[in-house]
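Peer 1: Would you mind keeping the following structure in view while I ask a few things?
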There are 2 protein chains.
Amino acid sequence: MNRTIGIVIFDDAEELDWVGPFEVLTNACKDGDRVVVVAESEGPVRGAKGLRVLPDHTFDDCPPLDVVLVPGGIGTRKEMHNEVLRSFLLAQAERAEWTTSVCTGAFVLSAAGLLKGKRATTHWLTFDELRTHDPDLELDPDARWVVDGNVVTAAGVSAGIDMALWLVGQLYDPDHARLIQKYIQYDPAPPYQD
Amino acid sequence: MNRTIGIVIFDDAEELDWVGPFEVLTNACKDGDRVVVVAESEGPVRGAKGLRVLPDHTFDDCPPLDVVLVPGGIGTRKEMHNEVLRSFLLAQAERAEWTTSVCTGAFVLSAAGLLKGKRATTHWLTFDELRTHDPDLELDPDARWVVDGNVVTAAGVSAGIDMALWLVGQLYDPDHARLIQKYIQYDPAPPYQD
């Protein structure tokens, strides 16, 4: 009910990491809920694969968020040291119903202290790297997404779609999530099986 | 080798329809190949769910395309009557190695005459609607994507990811497609099964 779901982007964020959940969540929104794309500053944000996107809000004019989503991408390695981003996330997460990441977005949540004492996941190629930053983090290499309290971390890139569908089931109900899955025709059939 | 893959966007194009393939294809590109986002005019294009994107090229300065991809979205119902877009697509498709659509992007290909005498698919909700525009079109309601000659049409929204992976197997080889699938961790696990 009148929730604001904020997708926090930055330069070199991986495009599908957040556009997958964006698609799921914008389709799912009802009862006055909405999705906004947020970045530190005005002007185009350039993704890891070169897509240029205009955010809806900057950190300064961003409304309180009920759901926070941080995507991954090579830009996370810089952003994990961005004190402005970390403070923004901490402040938003404090009141948010859910705080989430996709892929190496977990690096940013970790750096902000939001994964302390939690189980989590990240892109399969980056488990060891994340452990060097946060040796105490309990990582689950087999999960598509991990829920610990109100923090949800998804595995690499496309796992954000599954995590977002799960979240729709929590924000509304599983039947609504099934409807959205059907609408985006998410009945995957990857070619070239091993 | 030095291919240009063009993703043609327009107002009210559905975001995941084209960002899914964008992610797959940008990750797959090698040998000087690249992906560009193309729109009729300069300035932000606003997607069906409100995402504002800056194109890399306009129709006027777009290089010759080797692969053309047209996404769906509610905007297709207007764009199918856009003579400038149809002429652009016809000219590009004439030389392209592959011409493709995702979801109701098939409405635009059909309106441009590019599906004449072909088998195709579209979003599952829009089969009857597409038949009213193109009664002779042979639609396959069960396929995730349909290949007819060098025209490939994908089913709704997320089906573009599968189609793009298939295309990577054709442009390069199936092993490369499997590598990209693994990189984007496309091992889908939708929650809330029936």
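The values are calculated or read from the model by the stated rules, or taken from the named source; none is laboratory data. This structure is a prediction, so every number in the text was calculated from the model and none was measured. Please note: Cβ atoms are built from the backbone with ideal geometry, for glycine as well, and neighbour counts cover all protein chains shown.
Peer 1: Can you tell me which of (1) more than 27 Å from B:Gly20 (Cβ to Cβ); (2) in contact with a helix residue (DSSP H, G or I) (Cβ under 9 Å, 6 or more places away or on another chain) is the one A:Val84 doesn't meet?
Peer 2: That leaves (2) as the condition not met.
Peer 1: When the stretch A:40-57 is examined, which residues are found to be within 14 Å of another protein chain (Cβ to nearest Cβ) and either out of contact with any helix residue (DSSP H, G or I) (no Cβ under 8 Å at 6 or more places or on another chain) or at pLDDT below 95 (or both)?
Peer 2: Going residue by residue through the stretch A:40-57, those that are within 14 Å of another protein chain (Cβ to nearest Cβ) are A:42-57.
Of everything in the stretch A:40-57, those that are within 14 Å of another protein chain (Cβ to nearest Cβ) and either out of contact with any helix residue (DSSP H, G or I) (no Cβ under 8 Å at 6 or more places or on another chain) or at pLDDT below 95 (or both) turn out to be A:Glu42, A:Gly43, A:Pro44, A:Val45, A:Arg46, A:Arg52, A:Val53, A:Leu54, A:Pro55, A:Asp56, A:His57.
Peer 1: Within the bounds of the stretch B:2-13, is there any residue that is under 24 Å from B:His133 (Cβ atoms), in contact with a strand residue (DSSP E or B) (Cβ under 8 Å, 6 or more places away or on another chain) and within 11 Å of another protein chain (Cβ to nearest Cβ)?
Peer 2: Yes.
Peer 1: Can you tell me which residue in the stretch B:116-153 is nearest to the other protein chains (Cβ to nearest Cβ), limited to those that are basic (Lys, Arg) and touching an Asp or Glu at 6+ places or on another chain (Cβ under 9 Å)?
Peer 2: B:Arg144
Peer 1: So, one more: Filter the stretch A:16-31 down to the residues that are in contact with a strand residue (DSSP E or B) (Cβ under 7 Å, 6 or more places away or on another chain) and within 7 Å of chain B (Cβ to nearest Cβ) and list them by number.
Peer 2: From the stretch A:16-31, those in contact with a strand residue (DSSP E or B) (Cβ under 7 Å, 6 or more places away or on another chain) are A:17-18, A:21-22, A:25-26, A:29; that's our starting set.
Across the stretch A:16-31, the qualifying residues are A:Phe22, A:Thr26.
Peer 1: Please specify each residue of the stretch A:159-194 satisfying the condition of being crowded, with 21+ Cβ neighbours inside 10 Å, more than 7 Å from every other protein chain (Cβ to nearest Cβ) and not aliphatic (A, V, I, L, M).
Peer 2: Residue satisfying the conditions is A:Gly160 alone.
Peer 1: Being outside any helix (DSSP H, G or I), within 14 Å of chain A (Cβ to nearest Cβ) and within 20 Å of B:Ile5 (Cβ to Cβ): is that true of B:Val68 here? If you could, list the steps in order and put the result at the bottom.
Peer 2: Working: outside any helix (DSSP H, G or I): yes; within 14 Å of chain A (Cβ to nearest Cβ): no; within 20 Å of B:Ile5 (Cβ to Cβ): yes.
When the stated conditions are applied, B:Val68 does not pass them.
Peer 1: Under the condition of being over 21 Å from B:Gln92 (Cα atoms) and surrounded by fewer than 23 Cβ atoms within 10 Å (Cβ to Cβ), which residue from the stretch B:143-153 is nearest to the chain's Cα centre (by Cα)? Step through it out loud before you land on a result.
Peer 2: From the stretch B:143-153, those over 21 Å from B:Gln92 (Cα atoms) are B:143-145; that's our starting set.
Add one more test, that the residue is surrounded by fewer than 23 Cβ atoms within 10 Å (Cβ to Cβ), and what stays is B:143-144.
Values: B:Ala143: 16, B:Arg144: 13 Å.
Per the criteria, the residue is B:Arg144.
Peer 1: What is the residue count in the stretch B:158-176 for residues that are farther than 14 Å from B:Gly20 by Cβ and of a type in the set (A, V, I, L, M, F, W, C)? Steps first, please.
Peer 2: Start the filter on the stretch B:158-176 by keeping residues that are farther than 14 Å from B:Gly20 by Cβ, which leaves B:169-176.
This time we only want the ones that are of a type in the set (A, V, I, L, M, F, W, C), so: B:171.
Within the stretch B:158-176, residues that are farther than 14 Å from B:Gly20 by Cβ and of a type in the set (A, V, I, L, M, F, W, C) number 1.
Peer 1: Filter the stretch A:39-56 down to the residues that are of a type outside the set (Val, Ile, Thr) and in contact with a Gly (Cβ under 8 Å, 6 or more places away or on another chain) and list them by number. Before you say what the answer is, go through the steps one by one.
Peer 2: So the first thing to find is which residues in the stretch A:39-56 are of a type outside the set (Val, Ile, Thr), and the list is A:39-44, A:46-52, A:54-56.
Residues satisfying the conditions are A:Gly47, A:Ala48, A:Leu54, A:Asp56.
Peer 1: A follow-up question, please. Just to be sure, is B:Thr153 β-branched (Val, Ile, Thr) and not in a helix (DSSP H, G or I)? Talk me through it step by step, then tell me what you get.
Peer 2: On the way: β-branched (Val, Ile, Thr): yes; not in a helix (DSSP H, G or I): yes.
Spelling it out, B:Thr153 is indeed β-branched (Val, Ile, Thr) and not in a helix (DSSP H, G or I).
Peer 1: Against the definition (at positive phi and either part of a helix (DSSP H, G or I) or touching a residue at least 24 places away in the same chain (Cβ under 8 Å) (or both)), how does B:Asp11 come out, yes or no?
Peer 2: No: the conditions fail for B:Asp11.
Peer 1: Give the stretch B:127-142 a look and list any residue that's surrounded by 13 or more Cβ atoms within 10 Å (Cβ to Cβ) and assigned to a loop (DSSP other than H, G, I, E, B), or say none.
Peer 2: Once the filter is applied, which keeps residues that are surrounded by 13 or more Cβ atoms within 10 Å (Cβ to Cβ) and assigned to a loop (DSSP other than H, G, I, E, B), the stretch B:127-142 yields B:Asp134, B:Leu137, B:Asp140.
Peer 1: So which of B:Gly113, B:Gly156 ends up being more than 14 Å from chain A (Cβ to nearest Cβ) and either surrounded by 19 or more Cβ atoms within 10 Å (Cβ to Cβ) or under 18 Å from the mean Cα position of the chain (by Cα) (or both)? Give the derivation first.
Peer 2: On the way: B:Gly156 fails: more than 14 Å from chain A (Cβ to nearest Cβ).
Going through B:Gly113, B:Gly156 in turn, the sole match is B:Gly113.
Peer 1: A further question follows. Among the residues of the stretch B:140-162, is any over 22 Å from B:Val24 (Cα atoms) and either of a type in the set (Val, Ile, Thr) or touching a Gly at 6+ places or on another chain (Cβ under 8 Å) (or both)?
Peer 2: The answer is no, given that none of the residues of the stretch B:140-162 is over 22 Å from B:Val24 (Cα atoms) and either of a type in the set (Val, Ile, Thr) or touching a Gly at 6+ places or on another chain (Cβ under 8 Å) (or both).
Peer 1: Another one. How many residues, within the stretch A:152-176, are of a type in the set (D, E, K, R) and within 20 Å of A:Leu125 (Cβ to Cβ)? Reasoning before the result, please.
Peer 2: Looking only at the stretch A:152-176, we keep the residues that are of a type in the set (D, E, K, R), and these are A:162, A:173, A:175.
Filter once more, so that each one left must be within 20 Å of A:Leu125 (Cβ to Cβ): A:162.
Total satisfying the criteria: 1.
Peer 1: What's the number of the condition B:Asp187 fails, among (1) closer than 30 Å to A:Asp175 by Cβ; (2) in contact with a helix residue (DSSP H, G or I) (Cβ under 6 Å, 6 or more places away or on another chain)?
Peer 2: Here B:Asp187 clears every test but (2).
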